[in-house]
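This report refers to the structure that appears directly beneath it.
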Amino acid sequence: MSSETWAYTSNALVYSTIIVLSFALLAFAADLAVGTGQKRADAAKPRRSSLGRQATSGSGGNAGGATVTVAAPPLPDVQRWARVGVSLTTLAAALAVGAVITRGISVERPPWGNMYEFTVTAVATMLVIWVAMLPTRPEWRDLGILVVLFNLLLLGVAVLVLYTEAAQLVPALKSYWLWIHVTAAIIASSVFTVGSLASVLYLFSERYERRAAAGSAGDVRDWIGARLPASDQLDKVAYQTISFAFPLWFFAVVAGAVWAEDAWGRYWGWDPKEVWAFVTLVIYAAYLHARATAGWRGRRAAIIAIVGLTAFLFSYFGVNIFFVGLHSYGGT
Amino acid sequence: MPADQLNALTKSEPEAAPARQPALGILGGLRWMWRQLTSMRTALILLFLMALGSVPGSVFPQRGASPLRVGQYLQDHTTIGPWLDRLSMFDVYASSWFAAIYLLLMVSLAGCILPRCLHYARNLRSVPPATPRNLARMPEHRSFYTTAIESDVVDAAIASLRRARFRLRPAAASSDTGVSDVGSSVAAEKGYVHEFGNLVFHLSILLLLVGVAWGSWFGYRGTVIIVEGEGFANTLTQYDDFVPGRGFSTGLLAPFSFTMDAFDAKFLEDGPNRGQPDQYTADVTYRERPGAELQAERIEVNKPLGVNGAKVFLLGHGYAPAFTVRDGEGIVVFSGAVPALPQDPAFTSETVVKVPDAQPEQLGFNVTATPTAPDKVDPATGPKSIFPEANDPRVYLGAWTGDLGLDSGVPQNVYQLDSSDMEQLGRKDLGVGETWTLPDGRGSITFDGLGEFANMQVAYDPGRWLALIATVAAMVGISLSLLVRRRRLWVRATADVDGRTLVEVAGLAQTEWAALAQEVDAVVGELPGAPAAVEVRG
Ligand code: HEM
């Protein structure tokens, strides 16, 4: 096939991803609508030990509350829609990966040399990470609706605003540091995004819990909050993802600096892109500090994570649109 | 969750102490301020200030990066501009308020981390605390009955924990304190690397700042335009633009020199992005110092020349049309290439040629050069190049005669002709090798060819190795700190009245940590008589 055909295939796969994700979004929305606080009831049950699910009689406990129990409860059927959503998202992840690969074949280089390619790759990465985490981290499933919605928006922006024809790179981008830098940035930002989306859900869930305890829950936000996992679960997801992404983002920034040293003669020049990568890093450092500081865990930490995501999105979209800088892959 | 236990794990986090405030006078006040400054909450706020303070530097043009745009901004915003300038909004990262933020942050960091280092060093050989009485209160807790006897269970637990490289509390220590008065137990701790990594990370941030400061103090950076075939020697006078650090002295200029023998710019010939730059290369020969051996090197974008501690980068390029000008008496009064400023992606370039020595009167030329000339010039836009490579070079000249104004003492822009005291002689376009004989016996101009110039940057940053080492150490530190958690595990076996043994296994991690449950389960799995599944209480 010619490079044009490959590029065409890639575009078709991106459109297919959008369609499949739209259906996945509907499925997750249906899940939210029919799920009536069932998940909270599940969460309240004792957790299963990872030793195994089979019920055992062991040596039969009686003394001092030390009993040996627990069997896996059958999965409640209300999660049928969620399962449909997961299947569709898995398909979308495969399609998105296909779009990245075909684009790479078309341009004969790693396909993240401009905003459009970067965005499509980030979407594929995020979807794959989300799907891959499900077997070991079932609580991630409840992030599905936000992950799908967010990636749908990203793909929309990619197709409508950022689209760039498959082409060669300008000389400034021909460096293997680019691939190291951008690859780390894509993975880190995908994971940051998932973590910060969990923090968004946390705010709903935590608000519901607070107001339900006070007996005043009842508005739309509480309706959503009641259908989400318990807030400490979401908090844990946010913390784990962000503390994984932080060193990676740090590395991405450092790799960018090493590259800048070769390209522009200084490793750090406060170029707008650098400024915002730095701001993002500092905000997530503040998040990690907040988690270690009494009185800042929970709600305030979640808000910091969301501010971090906003800063990241700005460093990604805003900087290229509003500011003049050396980062020349603004698309057109 | 047992707050006392958690505090024991996370202790020495210097929170602002709760007001224990019998007035202690100035000394007490200072101590109070110091404790405030080194608290985590202050660190948080300073981090936010740091993020916030960096933002204006991306909103407003900065003098360091683009002085021309700052000038433009000040011209366009006559009311707010000077105020912004007074607030250092055009020099954010060199401003005193930005320095205040990061210096405070660094002082806070040092004040917070150095005592933690001492604490860490002192506790390197510390013994895990005794098994608490009530293990059921721990975040991870398993219990089961077995027929094995107490000491067998504890021995198996010790073996298992040793294998997992836990630090164990010696049995002697337990019996000394008498805390663990029911059954026999073992207390273990692991993950001291977490704190180590955290300390390395924060110390490296301090080191990074030292490296950055060192480099900007003793370093320099300068740009120079070099025309193909010409050379450069690393002295102040050769630079078009030079930014020294505050501690700079000319002795820091490494005495190298080089000649740019050839420059080549390639552009995409076809495809949707036809005309987009593809690769630039500059072939140079250089000497590390006068008298040193001559070496050849190719400089490309992203591939600088490292020479004698400094680095030479290729920033950009353009065309330099070469001319020979003869005056009215037939004498060669100008010969050489003049760099021309690119005006568009196809490298339509503009410059001027000033010939002050021409007789009877001085000569000046406006030059528009097109590397690939258009078939027809659109009178509305003037000549525009149709491709960036020099396939069919042509220059479009306007000739002037009179007084160039060079003696007026006012510095002149080398790319502009001050024609106020001059009179136009006419216009003409020339291909390579063609000559235009000026009217009225004023002389002639020959277009000798279209050379290229490169925009080079020379940078010297003696702190960059320190900065690199510090960032690598910081990355290692933060990864260790985030991957490893400090945690304690306890196993207790208590003989029951009816001859069975109650076994309890519990775990506590410094911060919530998903793998703790697995670790506890792994220990359970290695104890005699462990069932396949046990109750979990959190
Ligand atoms: C440039 C500024 C700073 C950056 C980028 C930074 C970054 C970080 C990061 C990413 C962590 C998380 C590591 C982990 O959870 O293991 C952390 C933890 C920590 N930071 Fe900082 N920090 C900075 C300044 C400070 C300052 C000024 C203080 C003291 C006032 C401080 C005290 C601490 C402490 C005590 C922890 C450990 C918390 C725990 O035990 O989990 N840091 N820092």
Since A:LEU197 meets every condition but one in (1) of a type outside the set (Lys, Arg); (2) at pLDDT 85 or above; (3) closer than 30 Å to B:GLU300 by Cα; (4) more than 16 Å from the ligand (Cβ to nearest atom), which condition does it not meet?
-> (3)
The condition from (1) surrounded by 17 or more Cβ atoms within 10 Å (Cβ to Cβ); (2) free of Cβ contacts under 8 Å to residues at least 60 places away in the same chain; (3) within 10 Å of another protein chain (Cβ to nearest Cβ) that B:GLN279 misses is numbered (1)
Filter region B:492-532 for residues that are away from the ligand (no atom under 16 Å from the Cβ), in a strand (DSSP E or B) and under 44 Å from the mean Cα position of the chain (by Cα) and give the result.
-> B:GLY507
Which one of the conditions (1) at pLDDT 90 or above; (2) within 16 Å of the ligand (Cβ to nearest atom); (3) of a type in the set (A, V, I, L, M, F, W, C) does B:LEU483 fail to meet, given that it meets all the rest?
-> (1)
Would you pick out the residues in region B:315-335 that are assigned to a loop (DSSP other than H, G, I, E, B) and either of a type in the set (Val, Ile, Thr) or within 14 Å of chain A (Cβ to nearest Cβ) (or both)?
-> B:ILE331
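Quick check, is B:LEU489 more than 16 Å from the ligand (Cβ to nearest atom) and in contact with a Leu (Cβ under 8 Å, 6 or more places away or on another chain)?
Yes.
Okay, residues lined up against (1) assigned by TED's automatic domain parsing to the domain that holds A:LEU134; (2) away from the ligand (no atom under 11 Å from the Cβ); (3) at pLDDT below 85; (4) in contact with a Gly (Cβ under 8 Å, 6 or more places away or on another chain):
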position: A:SER243; (1), (2), (3), (4): no, no, no, no
position: A:GLY256; (1), (2), (3), (4): no, yes, no, no
position: A:THR280; (1), (2), (3), (4): no, yes, no, yes
position: A:THR293; (1), (2), (3), (4): no, no, yes, no
position: A:ARG300; (1), (2), (3), (4): no, yes, no, no
position: A:VAL307; (1), (2), (3), (4): no, yes, no, no
position: A:PHE323; (1), (2), (3), (4): no, yes, yes, no
Hey, any hits in region B:218-235 for a residue that's more than 27 Å from B:ASP283 (Cβ to Cβ), surrounded by fewer than 19 Cβ atoms within 10 Å (Cβ to Cβ) and away from the ligand (no atom under 16 Å from the Cβ)?
-> yes
(1) more than 16 Å from the ligand (Cβ to nearest atom); (2) at pLDDT 90 or above all hold for A:GLU261 apart from (2)
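This table checks each residue for (1) more than 14 Å from chain B (Cβ to nearest Cβ); (2) surrounded by fewer than 24 Cβ atoms within 10 Å (Cβ to Cβ); (3) at pLDDT 90 or above.
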residue: A:LEU88; (1), (2), (3): yes, yes, yes
residue: A:VAL97; (1), (2), (3): yes, yes, yes
residue: A:SER106; (1), (2), (3): no, yes, no
residue: A:GLY113; (1), (2), (3): no, yes, no
residue: A:THR136; (1), (2), (3): no, yes, no
residue: A:LEU143; (1), (2), (3): yes, no, no
residue: A:GLU165; (1), (2), (3): no, yes, no
residue: A:VAL170; (1), (2), (3): no, yes, no
Selected residue (criterion: modelled with the lowest pLDDT) from residues of region A:265-278 that are at the interface with another protein chain (Cβ under 7 Å from one of its Cβ atoms) and assigned to a helix (DSSP H, G or I) | A:PRO272
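Yes/no per residue for (1) of a type outside the set (A, V, I, L, M); (2) within 48 Å of the chain's Cα centre (by Cα):
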position: B:LEU87; (1), (2): no, yes
position: B:PRO128; (1), (2): yes, yes
position: B:ASN134; (1), (2): yes, no
position: B:ILE158; (1), (2): no, no
Where a residue in region B:290-314 is within 13 Å of chain A (Cβ to nearest Cβ) and free of Cβ contacts under 8 Å to residues at least 40 places away in the same chain and its partner, wherever it lies, is of a type outside the set (Val, Ile, Thr) and assigned to a loop (DSSP other than H, G, I, E, B), with Cβ under 8 Å and at least six apart = B:VAL301/A:LYS174; B:ASN302/A:LYS174; B:ASN302/A:SER175; B:PRO304/A:GLY265
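Filter region B:39-64 down to the residues that are within 30 Å of B:ASP241 (Cα to Cα) and among the basic types (Lys, Arg) and list them by number. Reasoning before the result, please.
Narrowing region B:39-64 to residues within 30 Å of B:ASP241 (Cα to Cα): B:53-64.
Within region B:39-64, just B:ARG63 meets the criteria.
One line per residue, one yes/no per condition, for (1) away from the ligand (no atom under 16 Å from the Cβ); (2) modelled with pLDDT of 85 or more; (3) surrounded by 17 or more Cβ atoms within 10 Å (Cβ to Cβ); (4) not in a helix (DSSP H, G or I):
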{"position": "B:GLN5", "(1), (2), (3), (4)": "no, no, no, no"}
{"position": "B:ALA8", "(1), (2), (3), (4)": "no, no, no, no"}
{"position": "B:GLY28", "(1), (2), (3), (4)": "yes, no, no, no"}
{"position": "B:TRP32", "(1), (2), (3), (4)": "no, no, no, no"}
{"position": "B:LEU46", "(1), (2), (3), (4)": "no, yes, yes, no"}
{"position": "B:GLN62", "(1), (2), (3), (4)": "yes, yes, yes, yes"}
{"position": "B:TYR93", "(1), (2), (3), (4)": "no, yes, yes, no"}
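The values are calculated or read from the model by the stated rules, or taken from the named source; none is laboratory data. In this text the structure is predicted, and so the values were computed from the model without any measurement. Here Cβ is always computed from backbone atoms with ideal geometry, including for glycine, and neighbour counts include all displayed protein chains.
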